Amino acid sequence: QVRLVESGGGLVQAGGPLTLSCAASGILLIAADRGWYRQAPGKQRELVARIGRFGILNYADSVKGRFTISRDAAKDTVYLQMNTLKLEDTAVYYCKVENTAYWGQGAQVTVSA
């Protein structure tokens, strides 16, 4: 059974940092691309960052320079380090095994003024 569990969400003041983790279990495709997505109220889910099997990184323009995606292959865990958070970063953040239907349950990130 494949399982993705996000952690690290919460309430943070604008300008502050927060790091999300996504621990995977039951996944045989350890080297598969992983992505972080987010969905704000009333908006479509969007890609925030992606890390490829060869370390290729992709970021949404809105988070470039502020967010960093990384992975610990030994722990099969992917991280999203978020710095200089803005009010518009408020959303539910989801991790995903790319090119599959495997999603995490989501982690709420709320940025306050």
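Things to note:
- Simple point charges give the picture: +1 on the Cβ of Lys and Arg, -1 on the Cβ of Asp and Glu, and for the chain a dipole about the Cα centre of about 60 debye.
- Note that the chain shows a convex hull volume over its alpha carbon atoms of 94 Å³ per residue.
- Solvent-accessible area per residue in segment 14-113 equals 53 Å², computed with a 1.4 angstrom probe and all protein chains kept.
- Within the straight-line cut-off of under 17 Å between alpha carbons, the lysines reachable from LYS43 are LYS86, sequence neighbours fewer than 8 places apart in one chain being disregarded.
- Hz values of 3J(HN,Hα) by residue in segment 95-104 - Karplus curve (6.51, -1.76, 1.60), Gly and Pro given as x: 9, 8, 8, 4, 6, 9, 9, 8, 10, x
The values are calculated or read from the model by the stated rules, or taken from the named source; none is laboratory data. Given the structure is predicted, the values throughout are model-derived calculations rather than measurements. Neighbour counts are summed over all protein chains in view; Cβ atoms, including those assigned to glycine, are modelled from backbone coordinates with ideal geometry. Remember, those area values only see protein heavy atoms, side chains included, never the ligands or the DNA or RNA. Shrake-Rupley method; radii C 1.70, N 1.55, O 1.52, S 1.80 Å.
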